[in-house]
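Q: Sharing a structure below in structure tokens format, with a few things to ask.
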Amino acid sequence: MQARPTEGTGGVIDDIERIGIATVLGLMTLVTFANVVARYVFNSNILWALETTVFLFAWLILLGASHGVKISAHIGVDVILNLLPPGLRRAMVLLSVGLCLVFSGLLLVGAWQYWWPFATTRAWFEVNDIPMVFFPDLMAELFNEGEEYEKMPRFIPYAALPIGLLLLTLRFLQAGWQIATGRRDMLIASHDSESEEMMAEMSREADAGTLDQALHPSRRDGER
């Protein structure tokens, strides 16, 4: 059983993840394509392209990890779980959710402790190559005692850590609640459900072929 469509807070998280993933993928594609054109057509180079794609890839991984929990895309093994009775299976799945929450919670605390100094006492730290183009005067006034940034401050790309891990933790909480209330069976996609979907698809294709032969018997005669 897959998770049902969510509303409210879950819907907001859905929007953040989907828009974020689409935006990051689009920017990565655009920057990489522009750099390839600059290198092979104009014999030049976009200095900040590599660093930009590295940071964007980090955002993509962390947002994707969160969204993967929602759509049951993470890899897992359910051989033993499928042998258990429903009640014990749910208990084991909830135990795994609890362990995932502990893991993501520890990562979230560590990510916050790592990121927060870059937004406060070390806000003057800049990245290596990416120029500061987003509200430079305002950012300098708020975070750098009025001194203008030449490059993007590190706390902006590094924010992927606390934001991504916060979303991941919220997704595990959401999944745990759905499993506890019977709206979801597993954290991962069940292999049995995948097999059933595959068999159903094959059955539909076979039925479509039979119907086509019934409607167009001349095709079958011609093939003979």
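Q: Within a 10 angstrom radius of the beta carbon, how do 31, 41 rank from fewest other beta carbons to most?
A: On the way: 31 17, 41 8.
Going from least to most buried by this count: 41, 31.
Q: Would you list 70, 151 from fewest to most Cβ contacts within 10 Å?
A: 151, 70
Q: Return 171, 184 ranked ascending by Cβ neighbour count within 10 Å, so the fewest neighbours appear first.
A: 184, 171
Q: Here is a further query. Tell me, rounded to the nearest percent, the portion of alpha carbon pairs in the range 109-150 spaced more than 11 Å apart.
A: Roughly 66 percent, rounded to a whole number.
Q: Scan around residue 152 for amide H atoms under 5 Å from its own, H built in the peptide plane at 1.01 Å from N, and keep only partners 5 or more places away or cross-chain.
A: HN-HN under 5 Å from residue 152: 127, 130, 132.
Q: Could I ask something else about it? Mind giving me the nanometre distance, one decimal, between the label points for residue 51 and residue 25, set 7 Å out from Cα along Cα→Cβ?
A: Each label point is offset 7 Å from its Cα along the Cβ direction, giving 2.8 nm.
Quick note: the coordinates plus some simple rules give every number you see, no bench work behind them. This structure is a prediction, so every number in the text was calculated from the model and none was measured. In this analysis, Cβ positions are derived from the backbone assuming ideal geometry, glycine residues included, and neighbour counts consider all displayed protein chains.
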